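Data block below; observations after.
The values are calculated or read from the model by the stated rules, or taken from the named source; none is laboratory data. For clarity, every value in this text was computed on a predicted model and none was experimentally measured. Every residue, glycine among them, receives a Cβ derived from its backbone with ideal geometry; neighbour counts consider all protein chains shown.
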Amino acid sequence: MKDAPIIRVQDLTKTYDLGEVLVHALRGITLEVTPGEFVMLTGPSGSGKSTFMHVVACLDRPTSGQYWLNGRDVASLGSHALAHIRNAEIGFVFQGFNLLARTSALENVELPLLYARGVSTKERRVRAAAALEAVGLAERLGHFPNQLSGGQQQRVAIARALVNRPTLLLADEPTGNLDSRTSIEVMEIFQRLNEERGLTIVLVTHEHDIAEFGQRVVTFRDGRVVSDRAVSAPRHAALELARLDEAIARSA
């Protein structure tokens, strides 16, 4: 029996009124994502993929259509309920990291737990440290963003998205500011979270090679889904990193 979808949208539209012109960002999207999937959303700039992601993340409301998250009709929820969902059920990773500059890695990761009920200061620190360890930054807890590389800053952002133990992880162009090797390292983290924890991941990318790390690729164009395909042989980030290390060792 097929699992009930964690994300289900039906005829979703989003229109922005810019005064003299209406921008139709989403034009009737119907899509399902089941628990444990690793789905890549791709397409050219302006295709609607990031708008779709913001609606799914409960950061924006659709103009029309329906959206169910874990079986609940999101459109019927008030702002307080939506804020709770954003903090407790969804982890979001931004392209620009969005870290507080004067705050350590540990404190940045702790931030979502400040809004969680019943979490003590001690538990907050333990969970934040565990999240940083999960992304390979156990030795960088006290470092500030300006003491970390771009890839390390993105790892902190991923840890922050994980600290509330979400059922859904969303990432909007998480490799957009990273070089090729660091991008593969970040994709290794996402693949490991998906495989070992069964975490459902939806990731936006405009890079076709990055999209091949996922299990499924959904392509947007002009606010519509134009293709939805399974990836027959996904790229394996850990293996690619091992090959790169071997090549460097041979050339040394």
Mind checking whether some residue in region 47-55 is in contact with a Pro (Cβ under 9 Å, 6 or more places away or on another chain) and aliphatic (A, V, I, L, M)?
-> yes
Give the number of residues within region 173-184 that are closer than 24 Å to L106 by Cβ and surrounded by fewer than 22 Cβ atoms within 10 Å (Cβ to Cβ).
-> 3
Those residues of region 200-236 that are farther than 24 Å from R27 by Cβ, over 17 Å from the mean Cα position of the chain (by Cα) and surrounded by 19 or more Cβ atoms within 10 Å (Cβ to Cβ) come to a total of 0
How many residues, within region 1-34, are farther than 30 Å from L199 by Cα and among the hydrophobic types (A, V, I, L, M, F, W, C)?
-> 4
Select from region 101-147 the residues that are modelled with pLDDT of 90 or more and hydroxyl-bearing (S, T, Y) and write down the one among them that is surrounded by the most Cβ atoms within 10 Å (Cβ to Cβ).
-> S104
Residue check for T167: crowded, with 21+ Cβ neighbours inside 10 Å and touching an Asp or Glu at 6+ places or on another chain (Cβ under 9 Å) | no
If you check V93 against the conditions, is it of a type in the set (A, V, I, L, M), at pLDDT below 95, touching a Pro at 6+ places or on another chain (Cβ under 9 Å) and within 21 Å of T167 (Cβ to Cβ)?
-> yes
Unique residue being more than 12 Å from the chain's Cα centre (by Cα) and without any contact (Cβ under 8 Å) to a residue 60 or more places away in the chain when the list is R197, R181 | R197
Kindly indicate whether T42 is among the β-branched types (V, I, T), within 21 Å of the chain's Cα centre (by Cα), at pLDDT 95 or above and surrounded by fewer than 19 Cβ atoms within 10 Å (Cβ to Cβ).
-> no
Restricted to region 210-252, and to residues that are out of contact with any helix residue (DSSP H, G or I) (no Cβ under 9 Å at 6 or more places or on another chain) and among the acidic types (D, E), which residue is nearest to E173 (Cα to Cα)?
-> E212
Examine region 76-89 for a residue that is at pLDDT 90 or above, surrounded by 15 or more Cβ atoms within 10 Å (Cβ to Cβ) and farther than 23 Å from V204 by Cβ, and state whether such a residue exists.
-> no
Counting only helices (runs of 4 or more DSSP H) wholly inside region 47-164, the ones holding at least 1 residues that are touching a residue at least 60 places away in the same chain (Cβ under 8 Å) and touching a strand residue (DSSP E or B) at 6+ places or on another chain (Cβ under 9 Å) are 49-56, 150-162
Could you please tell me which pairs satisfy a Cβ distance under 6 Å, a separation of 6+ or placement on different chains, a first residue in region 1-29 that is more than 21 Å from R86 (Cβ to Cβ) and assigned to a strand (DSSP E or B), and a second residue that is hydrophobic (A, V, I, L, M, F, W, C) and modelled with pLDDT of 95 or more?
-> T13/L26
